[in-house]
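Below you'll find the structure, written out as structure tokens, and then a few comments.
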Amino acid sequence: MTEQNELIKRRYEELEHIKSMGINPYPHRFDISHYSKDIINNFTDPADDTEKEKQKENIVTVAGRIMAIRKMGKACFVHIKDEQGKIQLYIRKDDVGEESYNLMKLLDIGDIIGANGYVFRTKTGEVSIHCHSFTLLTKSLHPLPVVKEEVTETGEKIIHDAFADVELRYRQRYIDLIVNDGVKDVFIKRTKIIQSIKRTLENKNFFEVETPTLQSVYGGANARPFITHHNALDMRLYLRISNELYLKRLVVGGFNRVYEFVRDFRNEGIDRTHNPEFTQVEWYQAYGDYFDSMDTFEEVVEQACIAANETTKVMYGETEIDFKRPWKRLKMVDAIKEKTGLDVISMKKDEIIDYMVKNEIELDKKITHSKGLVIASLFESLCEDDLVQPTFVIDHPIDTTPLCKPLREYSMQQLEEMKKDPEAVIFVERFEPYINKWELGNSYTELNDPVLQRSLLEQQVERGRGGEEETHPMDEDFLRAIEIGMPPTTGVGLGVDRLVMLLTNSQTIRDVIFFPLMRQI
């Protein structure tokens, strides 16, 4: 039998012993009056013996998981961890009684107990609780990894035997949260970030809504969907890749400012910034354009940074990033020109392709039919790594999205002429915010011309037939909504997980998702 199995076997034996003592190892509830951090922060040393005696009358009741036990015959020191942190308990046989102290001998690291007593400072200077009694609340049957802390003479904290196996941490997040203190802090900040985003949007009169996760037609992004089947209706359904088209339906219906936090699902690869299931927030504003969305986006992210870190400046790795408004705004073609000197608008498509081939720049052959997509690919390959501080990359080729309005500088006659010219690229009022070389979101001045919308979606269908894997399907109900009439509108999608990564200095998206998707073992 392995050492691990021996430890589990011993805990089962302890459980039976506890039951034989007439003690319920899993009681129904326990009343808590105080938490560790508050107790420690509010403690003041008594000025004299009279104050010390009065302090003994102030009883606190706490509960938490045992993280360390030091036994010394008729007394022991126990460190418990509650939702705020850790605090030490001093448990003496003469105070709690022989039966309770015998129970203490059967307890292990990982067990959950409640205790009451008065607060004092030990001779070593640690604020602790001198216990009058304690109660077993949960007997743990599986041992925790024993993480040991050592504080050097200079005050540096050294962690020994950390629960550090990355894959195991993600698979067993409950243990990760118990033994690695910084993990919980990340998720507390995540909640503060989400609350801040909601607060900023609601202060601007946006209304929170809910839209379907299961959809008969997916859309709103260029991505492959997850497919499922509804048995009762005998129909194929898709897990949403975006909530965009439903939020636009609500704008058509008269909700002028809407937002939604959603879990989206995209059948794509997994890397440090991609997870097949992820969180994003989208918001839509009637009678606005992408300049309005840039202003709102800046404010949303700046305020989220302050909510999480109390400053607009954060360190990500070795780089300081400042989220303070206003952010830089850079046209896609200008970014390419700054990097390469190329004026891609005046170049022929084949000339851009030749440049990419000669410079060994990766290019998907499935997109070489489109000059706009080639330009976008060149930008992604060469320019993204330079976009560290917050930057809006604006004015993308229309080929990259069928849901966005062309630049307002084009006349209707110009657009018609450009459509006939295979070397002309129509640019649209779209921006992508880049921070730390990552694309963090997406925004448009939304297309509300139903004739052009239908034409562009039809082109997407044809491109899908031509072999492109990430194209928009035809959604006749969405087109009907646009034909009913959608006012001028701007919309934004913001990747919440990536934002949390940036604001918590987390190096992988799995660090900011409680239970990321993992390969089966």
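The values are calculated or read from the model by the stated rules, or taken from the named source; none is laboratory data. All values derive from a computational prediction rather than experimental measurement. As a convention, Cβ positions derive from the backbone with ideal geometry for all residues, glycine included, and neighbour counts pool all protein chains shown. The protein model used for the area step is the full one, side chains on, heavy atoms only, and it has no ligands, DNA or RNA in it. Shrake-Rupley method; radii C 1.70, N 1.55, O 1.52, S 1.80 Å.
The fraction of accessible area contributed by carbon and sulfur in segment 270-316 is 44 percent, rounded to a whole number (1.4 Å probe; ligands and nucleic acids excluded).
Per-residue ellipticity at 222 nm computed for the chain from its helices equals -10500 deg cm²/dmol, with DSSP H segments shorter than 4 residues left out and the rest contributing -39,500 (n - 2.57). With both labels modelled 7 Å from their Cα along Cα-to-Cβ, the R171 to K366 distance reads 3.3 nm. For segment 298-450, the convex hull spanned by the alpha carbon atoms encloses 135 Å³ per residue.
Using the 1.4 Å probe convention, the accessible area of the chain works out to 51 Å² per residue with neighbouring protein chains retained.
Loop-located GluC sites (Glu not before Pro) across segment 30-86 with a Cβ neighbour count of 11 or fewer within 10 Å are E57, with loop assigned by DSSP. Across all Cα pairs in the chain, the calculated P(r) in 10 Å bins from zero up to the longest distance comes to 3, 15, 22, 20, 14, 11, 9, 5, 1, 0 percent per bin.
Amide H contacts of G288 (H built 1.01 Å from N, in plane; Pro and chain starts excluded): T489, T490 sit under 5 Å, all sequence-distant by 5 or more or on other chains. A Förster radius of 45 Å, combined with the Cβ-Cβ distance separating K71 from T508, puts the computed FRET efficiency at roughly 0.65.
Cα convex hull, segment 223-308: 145 Å³ per residue, rounded to a whole number. Note on segment 2-58: with neighbouring protein chains present and a 1.4 Å probe, carbon and sulfur make up 47 percent of its accessible heavy-atom surface.
With a 1.4 Å probe and all protein chains in place, put L233, L373 in order of accessible area, largest first.
L233, L373
Taking all Cα pairs closer than 8 Å and separated by 6 or more residues, the relative contact order of the chain comes to 12 percent.
Summing charges over all other residues whose Cβ lies under 15 Å from the Cβ of E362, with Lys and Arg as +1 and Asp and Glu as -1, gives -3. Taking all protein chains together and a 1.4 Å probe, the residues E302, E210, E338 rank E210, E338, E302 from largest to smallest accessible area. Screening the chain for DSSP H helices whose Cα atoms reach 15 Å or more along their own axis and whose mean Kyte hydropathy is at least 0.0 gives 290-309, 371-382.
Shown in residue order for segment 259-273 are the 3J(HN,Hα) couplings computed by the Karplus curve 6.51 cos²θ - 1.76 cosθ + 1.60 at θ = phi - 60°: 8, 8, 8, 9, 8, 9, 9, 10, 7, 9, x, 10, 8, 5, 10 Hz (x for Gly and Pro). Full extension of the segment from L214 to K313, taken as 0.36 nm per residue of separation minus the current Cα-Cα distance, would add 31.7 nm. Each principal axis of the Cα atoms in segment 1-52 has its own extent, and those three values, largest first, are 56, 28, 21 angstrom.
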